[in-house]
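Some notes on the structure that comes next.
What follows draws every value from the coordinates through simple rules; no lab data is involved. Fair warning: this is a prediction, and the values are worked out from it, not measured in the lab. Note: ideal-geometry Cβ built from the backbone for every residue, glycine included; neighbour counts use all protein chains shown.
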Ligand code: PGA
């Protein structure tokens with residue numbers, strides 16, 4: 001492991017995507033253990049996509065090994081496609097069951113994932129309630145993030161401002177192209193999604209972003225060194241005082257060592 005900088009944000013370059021997964025998973029497991037010991041709930045903000053799969057696998061392993069108690073763990077996922085059936089294999093509801101929730105002993109009522117089955121007229125109220133539920137749970141203790149090739153976090157696409165909240169968004173063409181294979185082509189890929197906003201994400205006490213592979217190298221470089229603005233929403237993470245970005249060497253190839 002090689003720490004590049006401890007300035008905001010902290011950047012950790014590890015030897016592989018597995019090493020990133022191990023570090024991220026260990027941090028989440030430790031947080032749950034510490035908070036359980038203090039008799040406190042743990043509120044996690046969770047991400048989907050290819051990158052967190054390894055982290056969740058590692059996390060499940062650690063959870064079993066440590067017999068982690070999930071009775072006080074509450075989760076809020078970042079996003080879901082719209083419209084999207086909860087049982088569709090492309091849904092993030094399905095993803096989360098398959099990659100995490102079916103393998104840990106979490107209370108179903110403690111799981112929150114944006115609902116892609118709502119009628120359009122109900123979305124605004126639903127999103128406001130999603131924000132309220134996060135507040136009622138005590139706020140997010142740790143938010144896990146990936147990053148899109150276009151610098152998105154959650155489905156906060158380029159153009160998403162720092163003050164955005166949970167809402168319905170239009171997906172960026174790059175995001176749809178990247179998702180097309182899973183939907184059997186771009187024409188079948190949803191054009192909208194419900195996502196937590198940048199402001200929602202920045203309210204988390206602690207944020208960890210994981211990225212691997214050279215396709216992410218440009219977005220990562222922009223996030224860390226580029227000008228802070230809505231063109232690369234991940235740049236807003238630099239206004240948060242407790243962020244760590246975990247990278248493999250390919251994703252870190254444009255990052256200069258401090
Ligand atoms: P990926 O997605 O892990 O599938 O690359 C990350 C993201 O878009 O946030």
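Laid out as a table, the results:
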quantity	calculated
17 Å cut-off, amide nitrogen to a point 7 angstrom out along residue 53 Cα→Cβ, residues in the stretch 77-113	89-103
Two-site label geometry, residue 205 and residue 72: point separation in nm, points 7 Å out along Cα→Cβ	1.1 nm
Three-way shape label, the chain, alpha-carbon gyration tensor, a/c 1.5	rounded
Sites residue 129 and residue 182 - FRET efficiency at Förster radius 30 Å, r taken between beta-carbons, to 0.05	0.55
Contact order normalised by residue count of the stretch 114-188, Cα under 8 Å, 6+ apart, percent	25 percent
Computed FRET value (nearest 0.05) for residue 253 with residue 229, which takes r as the C-beta separation and R₀ as 22 Å	0.40
Cβ crowding within 10 Å averaged over residues, with 52-62, 181-191, 223-233 ranked highest first	52-62, 223-233, 181-191
Residue-span extension gain [residue 39 to residue 64] - 0.36 nm each, minus C-alpha spacing	7.0 nm
Percent antiparallel among DSSP beta bridges (both partners in the chain, rounded to 5)	35 percent
